[in-house]
1. Restricting segment B:167-178 to residues that are in a helix (DSSP H, G or I) and buried (at least 23 other Cβ atoms within 10 Å of the Cβ), which is nearest to the other protein chains (Cβ to nearest Cβ)?
2. So is A:Met328 closer than 30 Å to A:Ser114 by Cβ, assigned to a loop (DSSP other than H, G, I, E, B) and not polar (S, T, N, Q) or not?
3. Failed condition for B:Val355, given (1) in contact with a Phe, Trp or Tyr (Cβ under 6 Å, 6 or more places away or on another chain); (2) assigned to a helix (DSSP H, G or I); (3) farther than 28 Å from B:Ser175 by Cα, with all others met?
4. For segment A:15-58, enumerate the residues that are at pLDDT 95 or above, closer than 22 Å to A:Lys124 by Cβ and among the polar types (S, T, N, Q).
5. Here are some conditions: (1) closer than 29 Å to A:Glu183 by Cβ; (2) away from chain A (no Cβ under 11 Å). B:Leu254 meets all but one. Which one does it not meet?
6. Got at least one residue in segment B:294-306 being among the charged types (D, E, K, R), touching a residue at least 60 places away in the same chain (Cβ under 8 Å), surrounded by 15 or more Cβ atoms within 10 Å (Cβ to Cβ) and assigned to a helix (DSSP H, G or I)?
7. Could you check how many residues of segment A:31-55 are touching a helix residue (DSSP H, G or I) at 6+ places or on another chain (Cβ under 6 Å) and in contact (Cβ under 8 Å) with a residue 60 or more places away in the chain?
Number of protein chains: 2
Amino acid sequence: MTYGGGSIKRNGLYDLVKAELNAAGCTVFELSGIEPNPRVTSVDAGAKICKEQGVDLVLAVGGGSTMDASKAICAAACYDGPAWDLVLDHSKIKAALPLFTINTIAATGSEYDSAGVITNWDTKEKLPIGSSLLWPVVSFLDPSLTYTVPANQTIAGSCDMMSHFFEVYFVRDLSPIAQGLIEAAERIAITYTPIALKDPKNYEARAKLLWASTLGCNGFANLGSTGSIFPCHAIEHEVSAYYDITHGIGLAILTPRLLRFWLEKDPSVAPRYVDLATNIFGLRRENYESEAALIEAGLKALEDFYASLGIPSGLSKLGITNEHFAAMAEHIKTHWIGSFDYCFVPMTNEDIVTVLERSL
Amino acid sequence: MTYGGGSIKRNGLYDLVKAELNAAGCTVFELSGIEPNPRVTSVDAGAKICKEQGVDLVLAVGGGSTMDASKAICAAACYDGPAWDLVLDHSKIKAALPLFTINTIAATGSEYDSAGVITNWDTKEKLPIGSSLLWPVVSFLDPSLTYTVPANQTIAGSCDMMSHFFEVYFVRDLSPIAQGLIEAAERIAITYTPIALKDPKNYEARAKLLWASTLGCNGFANLGSTGSIFPCHAIEHEVSAYYDITHGIGLAILTPRLLRFWLEKDPSVAPRYVDLATNIFGLRRENYESEAALIEAGLKALEDFYASLGIPSGLSKLGITNEHFAAMAEHIKTHWIGSFDYCFVPMTNEDIVTVLERSL
């Protein structure tokens, strides 16, 4: 049983789960203290427990970090070597313990996908781990478990969810089915996040956010589309590998800058921005003097939404400078899941640095 | 290897598949001549071949009827008794041969669901068969295989697809994610069916229709929603059980009458009809003097679309009278997958007869 910083002890979930496990006659070994931006050191610690105790399965109780780390633990428990090997080379994952999750936050969708992200502070790397062996066997999603998620994490979770769907919206070949699903998911985030913030125990808002976020990374949202490489996530992972900022906040800062950069570099992608304005933000063409004005209003609506959530206006507000930007761009090129040549608008290293600088 | 009336021999697919199977060293037994509205007699014949020859798997090459019959064959091959037993009581399906499909038409979505519909001419019954054991293991979808689908079947296929999505759109509790996906699928049918009719080898149109139709019955389109019982399909199955009409055509005739009946019986469901008008047909509230006028324009747009495809204006054009309507309504109550008490607007037997009479 894996969990994070102890919120599940404060809200009673820990006691509830332990009672159920005891009643079922399970022998439980615990790994607590899994960090936000979970670290490979925690993964190695979890794998060690699994190996030494002959653990049969892993139950992750928590949010994206706990679930991501637990996936890596499931794989590392069946591997003879350090967990980081598996992050660097997914083909080395030949077996994994079965994973069960009790998800406590609407955010990453890790409860319904086969990947996670692990950070190595020794090498300043934050990289994905993924394998079809790492799909959770069963995930429990109870919206009422998310009532106690604090405002800042509710916000970061919604920003993460929105980014997952934007990553598969801004692709070269977007299928109309995927487009309909994504636009619905973005509207859910925009509509229900403020409601959940104002009224944290609003079941409908929590349920809508939890369900939409769960579909963010399991492949539903890019059904029929081609070309998704999650570029915003790639860039943000570099930033938080160096600075340990909150993933969802980094994404919210980077997203508008990235979208504006693409449109500037290749104006032929404008139609997708029209869809953003009209289908996600409900703006109407006839209210704007030109298509360019409509697009600008859509991007402004997105920026205003992030600002309304209290997202910092730039990375510099989080103490980040341009010191490592070139190294970050270089690192993406060699380590990310896909080449930026296949991005919505192809990006060079210099382009990545430009987006980072504009995000300061 | 199962197939239908021989179109796969005319278009070369039969030779292609046989050559591949031979090259792979497979011993192939064939069941040809599977009917539209496939009959339990074909299922029994197929199961007999499987049992006598020790068949390892079934490969369905064709459309919905071939795939539906093949699912029943897979189940009946592992059952000691007549296949109709399994249609009447799905819990008797304890095992099934693995099913593979090569789908040749955008229509039923049978290539990606766990159910089929079988007709028994002795009892004048057309009933579903379904089991989690009946999901196809692999389905091949190549849009170019649908180039040779004749116009009338292209139309019927699109009407079937549209109905699948309407069945999960007009439900009491529609999730916003499902709504976005369904509205996109309906727009695809409305946009691309005319293109495929005018230009049968238009890859984009055939691909969009094939992909959307494949998602019609696999559960994606009712993710997060509750209450879908496919009432239009229930009624149409009764009609085609008596008269052997084309399923998709029957659905297209019944759909507008059913939608109008619901709104008339319970005006509180009007908001979903506003969504139909605005989100599927792109109509705008400000162009209509009232919400009622907007709704009427949406329903008219749907009727006009069906008429533009050449759908007959009523069941009477197909030689159908009201002779068996009462028996059909009675039969639905005892045999359908869900009670009409849980319909979008609950329906009595008399209501079903009313809709049928208005569809004449």
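1. Keep residues of segment B:167-178 that are in a helix (DSSP H, G or I), which gives B:167, B:176-178.
With buried (at least 23 other Cβ atoms within 10 Å of the Cβ) added as a condition, the list becomes B:167, B:177-178.
Details: B:Glu167: 17, B:Ile177: 5, B:Ala178: 8 Å.
Out of the qualifying residues, it is B:Ile177.
2. Criteria not met by A:Met328.
3. Unmet condition: (3).
4. A:Thr41, A:Ser42, listed by residue number.
5. The failed condition is (1).
6. no
7. Of the residues in that region, 5 qualify.
The rows are residues; the columns are (1) of a type in the set (Gly, Ala, Ser); (2) in the same structural domain as A:Leu16 (by TED's automatic domain parsing); (3) in a loop (DSSP other than H, G, I, E, B); (4) surrounded by fewer than 22 Cβ atoms within 10 Å (Cβ to Cβ).
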residue	(1), (2), (3), (4)
A:Glu52	no, yes, no, yes
A:Ala60	yes, yes, no, no
A:Ala72	yes, yes, no, no
A:Val87	no, yes, no, no
A:Ala95	yes, yes, yes, yes
A:Leu133	no, yes, no, yes
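The values are calculated or read from the model by the stated rules, or taken from the named source; none is laboratory data. In this text the structure is predicted, and so the values were computed from the model without any measurement. Because the Cβ atoms are built from the backbone with ideal geometry, glycine has one as well, and the counts that use them run over all protein chains shown.
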